[in-house]
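The values are calculated or read from the model by the stated rules, or taken from the named source; none is laboratory data. Computed from a prediction, not measured in an experiment: that's the story for all the values here. For neighbour counting, all protein chains shown are included, and Cβ atoms are generated from backbone atoms with ideal geometry for every residue, glycine included. With ligands, DNA and RNA removed, areas are computed over all heavy atoms of the protein, side chains included. Shrake-Rupley method; radii C 1.70, N 1.55, O 1.52, S 1.80 Å.
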Amino acid sequence: MTLLGADRSSIDEIAAPAVGHRPRQALLLIDGDIHPSYTVEDMAPYVDASVMDRVHEFGLHAHGEGYPRVRNGGGRLDSRAGEVEGTPLNMFQKQLLDEYDEKVGILIPMAGHHWGRERDDLAVPLCSAMNQFMVDEWLDKESRFFCTLNVPMEHPAAAVAEIEKYRDDRRFVQILLSGTGEADLSGQKYWPIY
């Protein structure tokens with residue numbers, strides 16, 4: 001029997017049983033769209049009490065239309081409630097990373113879509129709080145996670161300061177900007193962020 005002209009997968013299928021081992025497989029599964037669980041109340045330890053007082057009294061206002069439209073709150077239909085697993089982190093570890101043998105997961109805390117568009121007295125501390133919360137509650141506890149940096153996009157100088165603050169933390173791999181900014185995203189207002 002000749003193997004000339006056979007592709008590599010054919011060779012492995014033929015050779016593996018003969019030598020008694022499985023062919024080597026190089027596969028790195030990266031999930032680039034994980035939305036972690038949190039509430040605005042989780043940010044309280046990271047902001048001044050006055051910020052939370054304002055949120056409680058007046059609420060958050062920058063709520064553009066969500067795109068893409070999500071169902072089931074953006075969660076998987078087959079996912080079991082976090083309470084069953086203990087904590088949201090445990091839920092993601094068991095039901096996503098472990099269950100599907102994912103080696104890398106990129107967290108996208110979606111609050112930045114809205115919080116980054118609030119007035120500066122809310123946007124700046126809330127985005128900063130979200131980033132530190134992600135470090136403390138997710139990244140420091142699970143080495144397979146990487147994260148999206150939340151920035152107050154409507155306040156470019158503050159956004160740049162937040163980027164600079166985390167520039168050496170290799171666990172932050174991208175920056176979240178809302179698709180519905182005050183100006184066109186190509187506008188000069190946002191250039192300092194880019």
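Just a few scattered comments:
- Hits in region 138-158 (condition: farther than 21 Å from His35 by Cβ and of a type outside the set (Asp, Glu)): His155, Pro156, Ala157, Ala158
- Residue match in region 146-156 (condition: open to solvent by less than 10 Å² (accessible area, probe 1.4 Å), modelled with pLDDT of 95 or more and farther than 14 Å from Ile193 by Cα): yes
- Residues of region 28-77 classified as of a type in the set (Asp, Glu), at pLDDT 85 or above and open to solvent by 70 Å² or more (accessible area, probe 1.4 Å), total: 5
- For region 104-120, taking the residues that are in contact with a strand residue (DSSP E or B) (Cβ under 7 Å, 6 or more places away or on another chain) and either of a type in the set (D, E, K, R) or at pLDDT 90 or above (or both), the one that is farthest from Phe146 (Cα to Cα) is identified as Pro109.
- Here region 126-145 is the region considered, the condition is being among the acidic types (Asp, Glu) and out of contact with any strand residue (DSSP E or B) (no Cβ under 9 Å at 6 or more places or on another chain), and the residue that is surrounded by the most Cβ atoms within 10 Å (Cβ to Cβ) is Glu137.
- Options Gln132, Gln188; residue that is more than 26 Å from Arg54 (Cα to Cα), among the polar types (S, T, N, Q) and out of contact with any Pro (no Cβ under 7 Å at 6 or more places or on another chain): Gln188
- Sole residue being modelled with pLDDT of 95 or more, among the aliphatic types (A, V, I, L, M), surrounded by 19 or more Cβ atoms within 10 Å (Cβ to Cβ) and over 30 Å from Gln95 (Cβ atoms), chosen from Ala159, Ala123: Ala159
- Considering residues of region 162-182 that are of a type in the set (Gly, Ala, Ser) and open to solvent by less than 40 Å² (accessible area, probe 1.4 Å) only, the residue nearest to Asp140 (Cα to Cα): Ser178
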